[in-house]
Structures are given as C-alpha cells and as structure tokens.
Amino acid sequence: MQTCVKTHGDLRPASSSSLNPSPEALSRRGLGLPFDPGYDPDVLEQSVRTACTQLVNHMRDSLNGRGKVLVQESIDEIARQLDFDKTIAEGGADLGELVATLLRNSNRLHHPSYIGHQVAVPMAGAAVADLINGATNNSMPVYEMGPAASAIERKLIGWALSKIGWQAEGSGVMTHGGSMSNLTCLLGARAAALPDAWENGVPPNCAILVPESSHYSNSRAAAIMGLGTAGAITIPVDREYRVQPDELARVYDGAVRRGKRVLAVVANACGTATGTYDDLRAIGRFCKDRGVWLHVDGAHGGSVAISDKYRSLLDGIEHADSMTWDTHKMLATSALCGMALFRRRSRMLGTFSQQATYIFNSFEKPGEDISVNTLECTKSMLSLKLFFNLAIVGEKGLASLVETLYDRTRAFHRLIESRPGFSCLCPPDSNILCFRYGDDSAMQDRIRQRLVLEGDCYITRATIHGLSYLRLSVMNPYTEERHVHALCDRIEAMAGREAD
Ligand SMILES: Cc1ncc(COP(=O)(O)O)c(C=O)c1O
C-alpha cells in the first residue's frame with residue numbers, strides 16, 4: 001500500500017529517510033493492511049512537515065494582520081471543501097489540502113484584530129506539546145502511563161502553588177479546563193463540609209454562594225454536586241461587577257436565617273464578562289470568620305501570580321481554600337490546560353473517595369498516580385503545553401506577556417474613552433474591556449453581529465445589568481492602538497449607516 005500524503009505548496013524537500021523508507025517500514029507496509037499508512041512513520045514525518053509549513057505561513061500572515069480574522073462558511077460548504085464523505089470513506093486524502101482548507105476556515109487568533117474570547121494566542125511551545133501528545137498519547141491516569149508528563153505536572157503544580165504562596169501545604173491537579181477545575185475545587189469544599197456526602201449524598205439545605213458575575217461553571221457545579229440550581233445562591237454585584245463584602249454578608253446571613261448550610265463562597269479573580277477582580281482580602285476574612293470555604297475562580301486572572309506588576313490583584317489569596325487557574329487563557333497554551341489548586345493537600349485528598357483496584361493501588365512506584373484526585377481518568381499530557389512555553393520564553397517571558405496584555409488594555413480604555421460617542425463600563429482591572437457606542441443596546445448587538453460576519457476584526461459582547469456592551473479581550477500582544485482605532489472607525493461607520 002502506498003503512502004497517502006502528497007507534498008503541498010512550498011514544502012521543503014523531504015529528508016531522504018522519508019523518500020526512501022527503511023526496510024522495516026517497507027516490510028510493515030508489505031502486510032497490505034488497510035490501516036498501515038496510519039502507523040507509517042514516514043507518513044507522520046511528511047504530514048507534520050506539510051502541516052508545519054502551512055501553519056508557519058498561516059501564523060506569519062496572521063501576525064502581520066494579512067487577510068481577515070474570520071471567514072465563516074456554512075457546515076455544508078466546509079464539508080464540501082473537505083470532500084467530506086469521500087475523504088472519510090476512502091482515506092488516501094491529500095493532507096496538505098485538508099490542512100489548507102482547515103486553516104482557511106479557522107478563526108485566526110494570531111491576527112492582531114483578534115480581540116475576542118479569552119482564549120490564548122498559543123505559543124510555539126504549546127503547539128509542539130500538542131504534537132507530542134498526539135503522537136505518544138501518554139494519557140497518564142497512572143504514573144506508569146506517562147512518567148514524563150506526570151512528573152512535569154507535579155513540578156508545575158508545585159511551581160504554581162509557590163506563585164500563590166501555598167507551597168508549604170498545598171497540592172493540586174491539572175484538569176481539562178477551568179470548568180473542570182471549578183467543579184473539582186467545589187467538590188473539595190463539599191467533602192470538607194460533609195465528609196460523608198460521597199456515601200450518603202447531600203442534605204437538601206446545602207448551598208454555595210456565587211457572585212452574579214461568576215462564570216456559569218460555578219453555578220453549574222452546584223447542580224452537578226447535588227445542590228440543585230437553587231443551591232447556587234447569587235451574590236449581587238456592583239456597577240463594575242464586583243462583589244461588595246457587605247452584600248456578601250447580607251446574602252450569607254439571609255441564607256443561614258432561611259436554614260441553608262453554606263458549603264462555599266466563590267470569588268472572582270477575575271470575572272468573565274468584565275474582567276473585574278473581587279476584593280479577596282475582605283471576602284477571605286469574612287469566610288475565615290464564618291468558617292466557610294473560599295474558592296477563587298482565577299481561571300482567567302490567576303496568571304497575575306507570576307507578575308511583579310499585577311500580583312497585588314490577588315492580595316488576600318492566602319485566605320482562600322482553593323483556586324482555579326487556567327493557562328490556556330493568559331499563559332499562551334492551547335486549550336485546555338487548567339489547574340485545580342488546594343491550599344491544603346489533605347483537603348484535595350478527601351475530594352474523591354473511590355475504590356477501583358484495576359487502576360488505584362498502593363504498590364510502590366516511582367511517582368504519584370494523578371487520577372486518584374481528578375474527575376477525569378484518561379487525560380492528555382496537559383503539563384507539556386505550559387512546560388514547553390516556559391522552556392522557550394521562561395517565566396519572565398510569560399509574566400511579560402500578562403503585563404503587556406494588561407497594560408495595553410489600560411491604554412485602549414483611554415483611547416476608547418477619548419473618542420466621541422464611545423464610553424467604557426469601567427476602567428479595566430485586567431485585559432477585558434466593555435464599551436459601547438451611543439446608548440442603544442440593540443445597536444451594539446447589531447454592530448457586533450455585522451463585525452463578526454465581515455470578519456476583519458473579532459470582538460465579543462456581554463450583557464451587563466441588562467445593557468448590551470461590546471467587549472474586548474486583549475489576548476494578542478500584537479494588538480496595537482491602530483487596530484483599536486480601526487475598530488472604532490468601523491463601529492462609527494456602521495452606526496452612521498444605521499442613522500442614515
Ligand atoms: C472566570 C472563568 N472561569 C471558568 C471558565 C471556564 O473555563 P473553561 O472554558 O476552561 O472550562 C472561564 C471561561 O472563560 C472563565 O472566564
């Protein structure tokens with residue numbers, strides 16, 4: 001059976017080893033099994049080269065702002081371009097062409113006019129890590145299934161704990177994302193408050209307190225944990241979407257008066273819609289006084305822990321019991337790479353109590369089995385993404401990325417406020433900025449819709465206190481003032497056309 005990959009575009013000549021397969025590769029192919037090419041190392045080499053050349057060109061064009069950020073064809077049109085039915089039925093496709101089609105139809109996060117969702121613009125290290133994960137699949141539920149990735153995870157968790165000051169007693173695990181980390185941490189809170197919940201379930205009066213500004217995964221966790229949606233009691237927030245400690249006390253006391261047992265309070269560092277950080281010190285003191293678990297959702301903003309300039313936004317984190325921290329938001333890893341961090345290791349160990357002798361055991365081993373402490377069993381080699389990024393740019397490089405993005409957003413706030421007709425919700429704490437042109441909510445939504453369909457720039461929207469806002473998440477360090485000016489010009493022109 002012949003290899004199925006043709007060369008594509010300006011591919012460098014393949015190495016002689018790929019053009020002249022080894023006798024071993026030839027003998028394997030000689031078996032004539034229909035899946036042979038899938039295991040052919042030469043196919044891997046040529047495919048990676050083909051994809052790599054295109055990715056490099058794609059990234060270069062994107063970083064230079066060439067072309068649109070986003071082109072959205074219909075499902076059927078994309079399937080047509082991929083020759084979908086034939087491709088999956090017959091195999092033997094030209095992978096170069098498939099990659100070209102995929103890239104043409106992908107949102108280009110490296111483009112400086114990508115100012116959209118809180119998804120990292122990935123660095124090279126993360127991309128290489130994903131390739132290694134794809135090729136070796138060391139899925140690491142137990143140490144022996146992925147010693148390197150497991151060891152790196154343990155060391156990186158130690159690194160993260162040291163950044164937030166929890167290295168003495170803390171522990172944690174990497175998860176597939178922030179939602180998973182929030183659930184893991186809140187399950188830790190449940191186990192701490194109700195050690196028998198695993199066996200007996202949860203009494204009907206249990207609840208957690210969740211700010212109105214929190215990511216939905218926190219209130220969703222309440223329902224998953226058996227508290228029901230009624231078990232996620234909302235803490236109202238102020239105009240800037242920040243929890244006021246007095247309001248927390250009012251909601252907490254009211255809940256207790258109604259016979260509720262509060263298992264945890266959630267605070268944001270920072271909130272999703274507006275990027276506002278809660279006052280962790282005040283909330284932490286309150287939780288300590290009441291003896292209630294404080295979970296900090298730092299999925300987005302926890303990364304300031306590595307920045308000398310912005311570390312103070314996490315002041316008070318020493319009072320928290322757990323924290324979520326995603327690296328696929330601010331530390332330039334591809335999705336997903338979350339961390340569920342616990343200030344006390346003993347609390348983490350109590351989170352899941354299950355017997356599964358085929359996988360969990362106490363035999364002597366050179367490293368720690370990770371899945372004992374996670375919701376997930378099979379897990380990708382998450383740690384490699386962060387490790388390779390650090391290996392290329394170092395901790396200072398990632399800190400400087402966070403600082404650049406936060407600094408830029410402050411500059412964009414000044415820029416937008418200085419333009420007639422534009423106003424911002426509030427000065428940014430982080431790299432998220434909500435703004436409007438004029439005061440018509442429906443118009444903000446129409447403008448956003450049109451911007452995304454045109455695809456020259458990509459931003460999001462949010463509803464804040466019932467009003468629609470346009471929303472920037474400044475994820476790309478190459479987004480400059482001129483890009484934001486161009487965006488504002490476009491918004492003005494669209495609003496002008498509506499008025500005509
Ligand atoms: C504050 C916050 N927490 C949690 C999440 C969920 O993270 P993930 O998408 O990795 O599950 C998000 C996602 O944007 C977030 O902003």
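Please list, ordered by chain and number, the residues whose modelled amide H lies under 5 Å from the amide H of T234; skip anything fewer than 5 residues away on the same chain.
Here V210 satisfy the definition.
Measure off 7 Å from each Cα along the Cα-to-Cβ vector at T229 and H485, then give the distance between these two points in nanometres to one decimal.
Between T229 and H485, the simple spin-label model gives 4.7 nm.
Can you list the HN-Hα couplings for the range 405-420, worked out from phi with the Karplus curve (6.51, -1.76, 1.60; θ = phi - 60°), rounded to whole Hz and with x for Gly and Pro?
5, 5, 4, 4, 5, 5, 5, 5, 4, 4, 4, 5, 4, 7, 8, x
Placing +1 at every Lys and Arg Cβ and -1 at every Asp and Glu Cβ, with all other atoms neutral, what dipole size does the range 132-388 have around its Cα centre, in debye to the nearest 20?
Dipole of the range 132-388, to the nearest 20 debye: 200 debye.
What net charge is computed for the residues neighbouring C206, neighbours being all others with C-beta under 12 Å from the C-beta of C206, Lys and Arg scored +1, Asp and Glu -1? All intermediate terms of the calculation are to be shown ahead of the outcome.
On the way: positive: R190, K260, R261; negative: none.
Charge balance near C206 sits at +3.
Using amide H atoms built in the peptide plane, which far-off residues or other-chain residues are under 5 Å from D326 H to H?
Under 5 Å from the amide H of D326 lie the amide H atoms of A299, H300, G302, M339, each far enough along the sequence or on another chain.
Treating only the Cβ atoms of Lys and Arg (+1) and Asp and Glu (-1) as charged, compute the dipole magnitude of the range 107-247 about its Cα centre; round to the nearest 20 debye.
380
Describe numerically, in nm with one decimal, the distance between label points set 7 Å from Cα along Cα→Cβ at N137 and at V119.
Distance between label points: 2.5 nm.
Using alpha-carbon pairs under 8 Å, 6+ residues apart, how would you state the relative contact order of the chain in percent?
Computed over the chain, the figure is 20 percent.
What spacing in nm lies between the two simple spin-label points modelled at D500 and D196, each 7 Å away from Cα in the Cβ direction?
Simple spin-label model gives 7.4 nm for this pair.
What relative contact order, as a whole-number percentage, does the range 219-328 give when Cα pairs under 8 Å and 6 or more residues apart are counted?
22
I need the calculated FRET efficiency for the pair Q244 and T404, taking r as the beta carbon distance and R₀ as 35 Å, to the nearest 0.05. Kindly include the intermediate steps, with their values, before the conclusion.
On the way: r = 31 Å, r/R0 = 0.89.
Calculated value: 0.65.
Assign unit charges at the C-beta atoms only (+1 for Lys and Arg, -1 for Asp and Glu), then state the dipole size of the chain relative to its Cα centre in Debye, rounded to the nearest 20. Mind dumping the intermediate values first?
Values: 52 positive and 56 negative charges, 188 e Å.
Magnitude of the dipole: close to 900 debye.
For the chain, give me the percentage of DSSP beta bridges that are antiparallel, rounded to the nearest 5 percent.
Around 60 percent of the beta bridges assigned by DSSP in the chain are antiparallel ones.
Would you grab the residues whose amide H sits under 5 Å from the one on R461? Only those 5+ places off in sequence or on another chain, please, with H modelled 1.01 Å from N.
Long-range HN contacts for R461: R471.
Considering all projection directions equally, how large on average is the shadow of the alpha-carbon convex hull of the range 299-437, in square nanometres?
11.4
Which links in K288/K309; K365/K385; K329/K379; K163/K385; K329/K385 stretch past 22 Å when you go from one Cα to the other? Working shown, then result.
Details: K288/K309 28 Å; K365/K385 25 Å; K329/K379 19 Å; K163/K385 18 Å; K329/K385 12 Å.
With Cα atoms farther than 22 Å apart: K288/K309; K365/K385.
Subtract the Cα-Cα distance of A391 and D289 from 0.36 nm times their separation in residues, and report this length gain in nm to one decimal.
Residue separation times 0.36 nm, minus the Cα-Cα distance, leaves 32.5 nm.
Which whole-number percentage describes the relative contact order of the range 402-499, with Cα contacts under 8 Å and a sequence gap of 6 or more?
The normalised contact order for the range 402-499 reaches 27 percent.
Can you compute 3J(HN,Hα) from phi for each residue in the range 390-402, using the Karplus curve 6.51 cos²θ - 1.76 cosθ + 1.60 with θ = phi - 60°, rounded to whole Hz and x for Gly and Pro?
Ordered by residue, 3J(HN,Hα) equals 5, 5, 8, 10, x, 4, 5, x, 6, 4, 5, 4, 4 Hz.
Calculated FRET efficiency, A79 and E169, Cβ-Cβ r, R0 45 Å, to nearest 0.05?
It comes to 0.30.
Taking the number of other C-beta atoms within 10 Å as the exposure measure, put V56, V99, V173 in order starting with the fewest.
Starting with the residue having the fewest Cβ neighbours, the order is V56, V99, V173.
Just the number, please: percent antiparallel of the DSSP beta bridges in the range 132-388, rounded to the nearest 5.
40
Based on the Cβ-Cβ distance from T378 to E454, what FRET efficiency comes out when R0 is 41 Å, to the nearest 0.05?
Rounded to the nearest 0.05, the efficiency is 0.50.
After finding the eigenvalues of the alpha carbon gyration tensor for the chain, what semi-axes result from the square roots of 5 times each, listed largest first in whole Å?
Whole-Å semi-axes of the equivalent ellipsoid: 40, 34, 20.
Bear in mind these aren't lab numbers, they're just calculated from the coordinates by the rules spelled out. Because the structure is predicted, anything quoted here is derived from the model rather than measured. So basically every Cβ, Gly included, is an ideal-geometry build from the backbone, and we count neighbours across all protein chains shown.
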